[in-house]
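Read the structure below first, then the notes.
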Amino acid sequence: MKRVKYAFASILFLFTAVTFAQETMTKEKEPGHYNQSKFKQLYEEFSTPNTYRSASGAPGPDYYQQQADYVMDIRLDDKNAKLFGEETITYTNNSPDDLEYLWVQLDQNVRAKDSKAALKNGSGISLGDSPEKFVGNFMTEPFDGGFNIDYVKDDSGKALPYTINFTMMRVDLPTPLKSGDKYAFKIKWNYNIPDHTINRARSGYEYFAEDGNRAYVIAQFFPRMAVYNDVEGWQNHQFWGNGEFALPFGDYEVNITVPADHILDGTGVLQNRKEVYSKEMMARYEKAKKSYDKPVIIVSQAEAEAAEKGFSDKAKTWKLKAENVRDFGFATSRKFIWDMQAVKLGNRDVMAVSMYPKEGNPLWEEYSTKAVAHTLKSYSSHTFDYPYPKAISVHAKRQGMEYPMICWNYGRPNKDGSYSDRTKYGMISVIIHEVGHNFFPMIVNSDERQWGWMDEGLDTFMQYMAEQEFGEAYPEAIAPNAKYPSRRGDPAKIVPYMSGDQSTIAPIMSNPENVFQLGPNAYGKPATALNILRETVMGRELFDHAFKTYSHRWKFKHPTPEDFFRTMEDASAVDLDWYWRGWFYTTDYVDMAVKDIKKYYVSDQPNKKMKAYLAERGIPESNLPPMVYLEEYDDAGMVSPELKNNLPSETSKTLKEFMMDNMTAAERAAIKEPKYFYEVTYNSPGGLPMPLIVEYTYADGSVKNVTYPPEIWRKNSKEVSMVISSTSELKGIQIDPKMETADIDTTNNSWPKKEQESDFDKMKEGIKGE
Ligand SMILES: [Zn+2]
């Protein structure tokens, strides 16, 4: 009795010791390894929750946001491409703070003659420039596109002192604006509208030499209030060109005077339709309001072509009113063709609208409004019903830019009207993307100046889902038996970026001005990360509920990244700190591999591992109680042939006796009897933990899929071993067989090692989307 007791005590000790030894060994090899674990919670990175923003990720009890209401009179001088405006801003201070001054954004100053925007990047001789770029860089004076401010006055007409710092204007108040109070002031301004096709402005005009007309897409055109909140105070980080906009919500009343033969549409509801529409247009509009399946032409191509020749000296004022929007944009030209249809969302009707010059046809009349309507339905189903009365897609060369209820989109056919698949899909995709921006960031109003991914990444993720659904809804619009060819979203598509040169990759959690490759950084990678989160990590049910919760919590509010990260966990009970840390805070990549596989058989004799352990400590083998061992096969086949592949209960006397003594006949009859035992070692040279998705194939043709949770990497992010058993001989191992994880090197994903070509073929298939 005594002997046995001693043996058990020592075995318990030795198991603990073995486990401990393994952990310390790993620690010694990689100092600080444990502290770098992706599974460490994000307390240091997240700001502490408070009464404005709750730890759950929801707005807190003291959450507030400022309001900026605008009344504006705008006049377009079409001959000189100049825009004039007078605005009254009524600013409501809902913050608990008294404000001594207000910050107003003057975005057009990025194009002022003395703007430093062009000087902020170092340069080298490029591989080559387009003629436009070369002329712009070396042969012309900089365009004079900054704001000219005529005055800043208070409500009674008294001049207010102001200071302009580049794209920001500080208006000093005579007395601080108390918490809860409103302040109204007026600004009069004008600026030269840029040709957006030359200098890649987000708004401006395109000039059509053949008919002498311009098509205007106008935005960032008025001095706009900056955001003041509990996170940044004033968000007055300058507009350098890449970091987009941070804007408070408000109500807008905008009267826009343009040549009488122009067609105009913009943010808000038209207040004087009867004054600006012809009788014919009114009749068509009434029809469009009841057309749910296809658009109705409001201004036809023939009418637009006739208007192109006009150049009226008369003017017309279009009056628009918008409630609870964060911005205002409009498009105007005598070249526009116009079509509209109704979209049913819940019990409301929303108008899907397109405006395009003849240069956009035949592509635009076929697909634009269809894509708008589809986007509203798809995004609404994943978030909340689109709350605005309309969504407009405007054709503009090389543009893809979003504003509340209106956006500019590229996609121009060749002169003869023919177009490539690339042009068609590019156009449908950009429309889905830009209309989709109504949800993020126009309604779920994140700070684009600081976090490009919060709108671009979420929107590109939603775009991917909407594109796939478009392919299902309109199979005739895409290639037979194919999926919609989404450019971003599929895990395999982000591999070239994530496996690229680390010195030109920044974490997603970076300011858009400070990243190297804005496309993959703010669009592709976060979209892919969310797609993988939905399909592979959380599953659709948990993800969709959490994503909807975030959308509802923050619609018509200003969320931060933490509000998103926290809500996704709060609503799902999935710890995602490791995922945010890996995908959003680092530039690590996924690379999982089969490192090694060893085959074992059952034996009653102490195995090599045990023998070595006992020898090292001078413990005699006789101290051991009867045990069952898994012994490794070696190349010489040291196991006796009769032991090979026998059932464990036949091979091991110890096991047989245990079962006879401890189990009923029924239990013995129901026992599993695996014949094959393996130790498989997986490693992860990439450092980004992911679920380890493995497909095991056996000699009898059976296939077993096992998904080990990402937590498998929590103690050792580099290597993990699994012991598996089976009744049939293991013939193959494939990691991530469906290419769900954006694994950058699939040549090490299989055992036995497969030819690289077969993986490559698989990737091609993935891209084709079969
Ligand atoms: Zn975008």
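The values are calculated or read from the model by the stated rules, or taken from the named source; none is laboratory data. Not measured: the values here are computed from a predicted model. Virtual Cβ from ideal backbone geometry, glycine too; neighbours counted across all protein chains shown. Accessible surface areas use protein heavy atoms only, side chains included; no ligands, DNA or RNA. Shrake-Rupley method; radii C 1.70, N 1.55, O 1.52, S 1.80 Å.
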**Report entry** Conditions (1) in contact (Cβ under 8 Å) with a residue 24 or more places away in the chain; (2) open to solvent by 70 Å² or more (accessible area, probe 1.4 Å); (3) closer than 27 Å to residue 86 by Cα; (4) not polar (S, T, N, Q): number failed by residue 154
**Finding:** (2)
Query - Selection status of residue 343, away from the ligand (no atom under 16 Å from the Cβ) and in contact with an Asp or Glu (Cβ under 9 Å, 6 or more places away or on another chain) - result: yes
Query - Residues satisfying the stated conditions in region 515-530, i.e. within 11 Å of the ligand (Cβ to nearest atom) and either in contact (Cβ under 8 Å) with a residue 12 or more places away in the chain or under 18 Å from residue 565 (Cβ atoms) (or both) - result: 518, 522, 523, 527
**Report entry** One residue from 165, 148, 137 being closer than 16 Å to residue 223 by Cα, of a type outside the set (A, V, I, L, M) and open to solvent by 80 Å² or more (accessible area, probe 1.4 Å)
**Finding:** 165
Report summary line: Here, helices (runs of 4 or more DSSP H) confined to region 454-557 with at least 3 residues that are open to solvent by 30 Å² or more (accessible area, probe 1.4 Å) are 540-554
Query raised in the report: Any residue in region 378-394 that is closer than 14 Å to residue 477 by Cβ, open to solvent by less than 10 Å² (accessible area, probe 1.4 Å) and either within 16 Å of the ligand (Cβ to nearest atom) or of a type in the set (Phe, Trp, Tyr) (or both)?
Result: no
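Yes/no matrix, rows are residues, columns are (1) touching a Phe, Trp or Tyr at 6+ places or on another chain (Cβ under 8 Å); (2) charged (D, E, K, R):
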| site | (1), (2) |
| --- | --- |
| 588 | no, yes |
| 603 | yes, no |
| 609 | no, yes |
| 620 | no, no |
| 625 | yes, no |
| 635 | no, yes |
| 650 | no, yes |
| 655 | no, no |
Requested in this report: Quick one: which residue in 144, 107, 129 is within 17 Å of residue 170 (Cβ to Cβ) and at pLDDT 85 or above?
Outcome: 107
Query raised in the report: Since residue 706 meets every condition but one in (1) assigned to a strand (DSSP E or B); (2) in contact with a Ser or Thr (Cβ under 8 Å, 6 or more places away or on another chain); (3) aliphatic (A, V, I, L, M), which condition does it not meet?
Result: (2)
Report task. Answer yes or no: is there a residue in region 503-514 that is within 16 Å of the ligand (Cβ to nearest atom) and under 23 Å from residue 363 (Cα atoms). Result -> no
Report summary line: By residue number, the members of region 427-448 that are more than 14 Å from the ligand (Cβ to nearest atom) and touching a Phe, Trp or Tyr at 6+ places or on another chain (Cβ under 8 Å) are 427, 428, 443, 445
Requested in this report: Examine region 670-677 for a residue that is under 49 Å from the mean Cα position of the chain (by Cα), in a strand (DSSP E or B) and of a type in the set (D, E, K, R), and state whether such a residue exists.
Outcome: no
**Report entry** Subset of region 426-435 [out of contact with any strand residue (DSSP E or B) (no Cβ under 8 Å at 6 or more places or on another chain) and either buried (at least 20 other Cβ atoms within 10 Å of the Cβ) or free of Cβ contacts under 8 Å to residues at least 12 places away in the same chain (or both)]
**Finding:** 428, 429, 432
Query - Residue check for residue 416: away from the ligand (no atom under 16 Å from the Cβ), open to solvent by 20 Å² or more (accessible area, probe 1.4 Å), among the acidic types (Asp, Glu) and outside any strand (DSSP E or B) - result: yes
Query raised in the report: In region 395-413, what count of residues is obtained for those that are within 16 Å of the ligand (Cβ to nearest atom) and either among the basic types (Lys, Arg) or on the phi < 0 side of the Ramachandran plot (or both)?
Result: 13
Query raised in the report: Given 216, 207, which one is farther than 16 Å from residue 109 by Cβ and surrounded by fewer than 23 Cβ atoms within 10 Å (Cβ to Cβ)?
Result: 207
**Report entry** Criterion (in contact with a helix residue (DSSP H, G or I) (Cβ under 8 Å, 6 or more places away or on another chain) and surrounded by fewer than 16 Cβ atoms within 10 Å (Cβ to Cβ)) met by exactly one of 747, 727
**Finding:** 747
Query raised in the report: Of the residues 460, 423, which is at pLDDT 95 or above and away from the ligand (no atom under 13 Å from the Cβ)?
Result: 423
Requested in this report: Please find, among 714, 617, the residue that is basic (Lys, Arg) and buried (at least 16 other Cβ atoms within 10 Å of the Cβ).
Outcome: 714
Requested in this report: Kindly check whether there is at least one residue in region 304-313 that is open to solvent by 70 Å² or more (accessible area, probe 1.4 Å), within 21 Å of residue 360 (Cα to Cα) and more than 41 Å from the chain's Cα centre (by Cα).
Outcome: yes
